[in-house]
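What follows is a set of notes on a single structure, which appears directly below.
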Amino acid sequence: MKIGVCLKQVPGTTKVEVDPQTGVLKRDGVDAKLNPFDLYALETALRMKATVPDTSVCAVTMGPPQSEEIIREAYMTGADDGVILSDRRFAGSDVLATSWTLSQGLTLVGPFDLIICGKQTTDGDTAQVGAELAEFLGIPHLCNVTAIEELNEEFLTAVMDLPGHVQRVKVKLPCLITVEKGIFEPRLPSFRRKLATADRPIRRIGLDELPDREARHYGLDGSPTQVARIFPPESNQVRETWTGSGRELADRAFAWLKEHKFLQQEG
Ligand SMILES: Cc1cc2nc3c(=O)[nH]c(=O)nc-3n(C[C@H](O)[C@H](O)[C@H](O)COP(=O)(O)OP(=O)(O)OC[C@H]3O[C@@H](n4cnc5c(N)ncnc54)[C@H](O)[C@@H]3O)c2cc1C
């Protein structure tokens, strides 16, 4: 069985500047780390590798050249192969363009029986790439997976934590899952593996090697959404002290909540 795990490198700090022209995060030289949710995606892939004989795990990332670091981290943790989709023309990708690029890369180095993503990232945080990637690959997907009950060469049975209810689903492979934090306890990278995999190659793939070589489908050109502005929410500390009877205070609070649209107007 061939498992692909999608890993993203995210800023290790919230102090990240945005390019005023493109609305894209300036990632060069910024402290970076493996997206926390993807630690659980990687751990899930390694546990499934231990479950089904003759299974390999390939770690895949789309990002600037320095995101090779997270593939090295995946090698130190137990991944077998690594791929980085990197090309200046991928810069500024929104969710659609990121999902398309990943689908092209996974198609080129696949096919995969199971693709595992984290539920979301800590920078874009849209939790949409997994679903869109599955659509582009034409395979079913399960999201917010909190437990995998069964996996064999043909089927996967998993539990999804959905708003308001939990669903147990059996799905035919190939499929894609996005995993929740806590599905397994992520193992730590091992120093022994660091030494053993130090020279292991990482396949770097650019736009000109992908099945679809239309540059307008990638990066800013291929992105219907652009981040206009990122700014911290305003915080203010306005304080008012109200006095009066319980009835008066309740009426006043009700009126204030309505006025500030916390409550719907009747009729
Ligand atoms: C503050 C901010 C707001 C943004 N808002 C939007 C928006 O509203 N709409 C929009 O289309 N784009 C938006 N973007 C751009 C978007 O973040 C990027 O396109 C990003 O590459 C993918 O989206 P995400 O980070 O939300 O991923 P998510 O959907 O949250 O990621 C889910 C999983 O997909 C996989 N994955 C995601 N990116 C990669 C990657 N590069 N390589 C490998 N695996 C990956 C990982 O397994 C990850 O856990 C925003 C970016 C920022 C920084």
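Looking at segment 129-147, I want the residues that are within 22 Å of Glu43 (Cα to Cα) and have a partner that is among the charged types (D, E, K, R) and assigned to a helix (DSSP H, G or I) with Cβ atoms under 9 Å, at least 6 apart or on another chain. Which pairs are those?
His141/Glu135
Quick grid of which residues meet (1) open to solvent by 20 Å² or more (accessible area, probe 1.4 Å); (2) touching a Phe, Trp or Tyr at 6+ places or on another chain (Cβ under 7 Å); (3) touching a residue at least 40 places away in the same chain (Cβ under 8 Å); (4) more than 11 Å from the ligand (Cβ to nearest atom):
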site	(1), (2), (3), (4)
Asp80	yes, no, no, yes
Thr98	yes, no, no, no
Asp113	yes, no, yes, yes
Thr126	yes, no, no, no
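Looking at Thr178, is it open to solvent by less than 40 Å² (accessible area, probe 1.4 Å) and touching a His at 6+ places or on another chain (Cβ under 8 Å)?
Here the answer is yes, as Thr178 does meet what is asked.
Under the condition of being surrounded by fewer than 19 Cβ atoms within 10 Å (Cβ to Cβ) and among the hydrophobic types (A, V, I, L, M, F, W, C), which residue from segment 144-159 is farthest from Pro11 (Cα to Cα)?
Result: Phe155.
Looking at Pro224 and the list (1) without any contact (Cβ under 8 Å) to a residue 12 or more places away in the chain; (2) in contact with an Asp or Glu (Cβ under 9 Å, 6 or more places away or on another chain), which single condition is not satisfied?
So Pro224 meets the others, but not (1).
Which ones in segment 27-36 are within 11 Å of the ligand (Cβ to nearest atom) and either surrounded by fewer than 17 Cβ atoms within 10 Å (Cβ to Cβ) or at pLDDT below 95 (or both)?
If the condition is that a residue be within 11 Å of the ligand (Cβ to nearest atom) and either surrounded by fewer than 17 Cβ atoms within 10 Å (Cβ to Cβ) or at pLDDT below 95 (or both), then Arg27, Pro36 are the ones that fit.
If we keep just the residues of segment 73-86 that are within 19 Å of the chain's Cα centre (by Cα) and assigned to a strand (DSSP E or B), which is nearest to Ala198 (Cα to Cα)?
Gly82
Ser103 fails exactly one of the following numbered conditions: (1) more than 10 Å from the ligand (Cβ to nearest atom); (2) under 15 Å from the mean Cα position of the chain (by Cα); (3) open to solvent by 40 Å² or more (accessible area, probe 1.4 Å). What is the number of that condition?
Only one criterion in (1) more than 10 Å from the ligand (Cβ to nearest atom); (2) under 15 Å from the mean Cα position of the chain (by Cα); (3) open to solvent by 40 Å² or more (accessible area, probe 1.4 Å) is unmet by Ser103, namely (3).
Pairs please, first residue from segment 58-72 and part of a strand (DSSP E or B), second anywhere and surrounded by 20 or more Cβ atoms within 10 Å (Cβ to Cβ) and of a type in the set (D, E, K, R), Cβ atoms under 8 Å, 6+ apart in sequence or on different chains.
Filtered contacts from segment 58-72: Thr61/Lys8; Met62/Lys8.
Return yes or no: is Glu153 outside any loop (DSSP other than H, G, I, E, B) and over 21 Å from the mean Cα position of the chain (by Cα)?
no
Looking at Arg213, Arg192, can you tell me which residue is surrounded by fewer than 18 Cβ atoms within 10 Å (Cβ to Cβ), without any contact (Cβ under 8 Å) to a residue 24 or more places away in the chain and in contact with a Leu (Cβ under 8 Å, 6 or more places away or on another chain)?
Arg213
Being modelled with pLDDT under 95 and within 27 Å of Met76 (Cβ to Cβ) is true for just one of Leu176, Leu162, Leu188. Which residue is that?
Checking each option against the conditions leaves just Leu188.
Can you pull out every residue in segment 197-214 that is in a strand (DSSP E or B) and among the basic types (Lys, Arg)?
Arg203, Arg204
What's the number of the condition Gly130 fails, among (1) closer than 20 Å to Cys58 by Cβ; (2) under 18 Å from the mean Cα position of the chain (by Cα); (3) surrounded by fewer than 19 Cβ atoms within 10 Å (Cβ to Cβ)?
(3)
The values are calculated or read from the model by the stated rules, or taken from the named source; none is laboratory data. Quantities reported herein were computed from a predicted structural model and do not represent experimental measurements. Positions of Cβ are backbone-derived with ideal geometry, glycine not excepted, and every protein chain shown enters the neighbour counts. Note: areas computed on protein heavy atoms with side chains; ligands, DNA, RNA excluded. Shrake-Rupley method; radii C 1.70, N 1.55, O 1.52, S 1.80 Å.
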